[in-house]
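Structure first, then comments.
The values are calculated or read from the model by the stated rules, or taken from the named source; none is laboratory data. Remember, predicted model here, so these are calculated numbers, not experimental data. Don't worry about glycine lacking a Cβ; one is built from the backbone with ideal geometry, like all the others, and counts go over all protein chains shown. Just the protein is used for accessible areas: all its heavy atoms, side chains included, with ligands, DNA and RNA removed. Shrake-Rupley method; radii C 1.70, N 1.55, O 1.52, S 1.80 Å.
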Amino acid sequence: MFADRAKIYVSSGKGGDGHVSFRREKYVPNGGPDGGDGGHGGDVIFAVDEGLNTLIDFRHIRKYKAEDGQAGDKRNCRGKDGQDIVIKVPEGTVIKEAETGKVIVDMSGKNKRVVLLKGGRGGNGNQHYATSTMQAPKYAQPGQPAQELTLLLELKVIADVGLVGFPNVGKSTFLSRVTNAKPKIANYHFTTLNPNLGVVDLEGTKGFVIADIPGLIEGASEGVGLGHEFLRHIERTKVIIHMVDAAGTEGRDPIADIYAINKELEAYNPELAKRPQVIAANKIDAVYTGPGQENPVEAIRAEFEPKGTAVFPISAVAGEGVKELLYHVENMLESIGEKPTVFEQEYFPERKAGYSEEPYTVSYDEKADEYVVEGPRIEKMLGYTNLESEKGFTFFQNFLKDNGILEQLEALGIEEGDTVRMYGLSFDYYK
């Protein structure tokens, strides 16, 4: 069974708590604090597995949790880090946040292995809090909480060319002739129940991959028929081969069919309707033109070629005109370039890292002439964020903006060049 969608729950590991203890050794009457740090929680990692081509495994296992970090111990013993969990998916899997439907990561192109959720950092043991005035601290830092998400996984196949059209127009026959694919072929509707992929190997070219999408019908974008289940699989394609039954063997008008399918593509995703198309007028071996009747292929050309869409008369059964069509498609792909279609990130899990509801304060310290931002939310944010990395610093800026901190600083009268202090971190304010 082909499975191209799944809904799962994932959770990283909680950080281990820091430990509170003091040295108790013979001849050491005033032993200092020796509480160890907690271990870090395990990460949730997604990785591409070239051997997978469906999401069927996620029908049976829906919950994935990384291991928690262990608590610290006495004698400065650090807790063991939690084990990461690696979730393997097929290439082309788009991972979305379930509630909003926003893209977190597209496991395509360079995204072969991605840390989706970071485990909680281990808390500091009481050894870190000893000072000249507090030589026996009786507190330690708790481990940071785990992150959790409910995810939607959608498999969008990796193909250069999408093959679309009404049922029974000859798509499977065409695919079997031009590629090494062996789709089911019969003279009835909906022979193809799953997307079929095949590699076209053209002499003198690099070749390309075609995805044969199950037959679309009017209303497919609204859930009618089978094709709506697989429309997502042509979202990555660069070129669309639109196949029609030029002979009208089932009594349909090929021109009306083309407009109907294009309407469904636009209703599903307006970007699809803008993809370059080429029309394959199939079954020309069955075309019969009586006296005074217009050749249907010429009618299709007259309708669509003035609009910039090339029309190729072919017979998928006999192989007539097929090679000319394929070389034209290859030229279209060459003009577009090799850059793969990768969906951009829209949802950022690190912004939901468990501190959003906790308090913070923004104030002005007249004595130090500094603006001070502090509170549990700020402390946790700094604990999660590596400000030395570009991504971490960008997240830091977004955090200040999204939480209204910049707005509050401006309300207090901050100006460019003024200093802002956050738990030992100082930086100059610039818009």
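Here are a few things to note about the model shown:
- Scanning the range 2-30 for residues that are modelled with pLDDT under 75 and either open to solvent by less than 50 Å² (accessible area, probe 1.4 Å) or under 17 Å from Val89 (Cβ atoms) (or both) yields Phe2, Ala3, Asp4, Val28.
- Residues in the range 60-82 that are part of a loop (DSSP other than H, G, I, E, B), more than 19 Å from Gly42 (Cβ to Cβ) and not charged (D, E, K, R): His60, Asn76.
- One residue alone among Ala211, Ala260 is open to solvent by less than 40 Å² (accessible area, probe 1.4 Å), in contact with a Pro (Cβ under 7 Å, 6 or more places away or on another chain) and modelled with pLDDT of 75 or more, and that residue is Ala211.
- Close pairs (6 angstrom Cβ cut-off, 6 or more residues apart or separate chains): at negative phi and among the charged types (D, E, K, R) in the range 43-56, assigned to a strand (DSSP E or B) and open to solvent by 30 Å² or more (accessible area, probe 1.4 Å) anywhere: Asp43/Val115; Asp49/Lys88
- Taking the listed residues Thr150, Thr131, Thr100, the one that is over 18 Å from Val342 (Cα atoms), open to solvent by 50 Å² or more (accessible area, probe 1.4 Å) and free of Cβ contacts under 8 Å to residues at least 12 places away in the same chain is Thr131, with no other qualifying.
- Some residue of the range 54-65 being within 25 Å of Ala159 (Cβ to Cβ), of a type in the set (Asp, Glu) and at pLDDT 90 or above: no
Residue by residue, here is whether (1) surrounded by fewer than 16 Cβ atoms within 10 Å (Cβ to Cβ); (2) modelled with pLDDT under 85; (3) not in a helix (DSSP H, G or I) holds:
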| site | (1), (2), (3) |
| --- | --- |
| Glu298 | yes, no, no |
| Pro306 | yes, no, no |
| Ala318 | yes, no, yes |
| Ser335 | yes, no, no |
| Glu346 | yes, yes, yes |
| Tyr355 | no, yes, yes |
| Pro359 | yes, yes, yes |
| Val373 | no, no, yes |
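- Pairs with Cβ under 9 Å, 6+ apart, first in the range 413-424 and closer than 14 Å to Asp365 by Cα, second open to solvent by 40 Å² or more (accessible area, probe 1.4 Å) and hydrophobic (A, V, I, L, M, F, W, C): Ile414/Leu406; Thr419/Ala368; Thr419/Phe427; Val420/Phe427; Arg421/Ala368; Arg421/Phe427
- Count of the range 6-47 residues which are closer than 16 Å to Gln147 by Cα and not in a loop (DSSP other than H, G, I, E, B): 7
- Any hit, the range 117-127, residues being surrounded by fewer than 16 Cβ atoms within 10 Å (Cβ to Cβ) and in contact (Cβ under 8 Å) with a residue 60 or more places away in the chain: no
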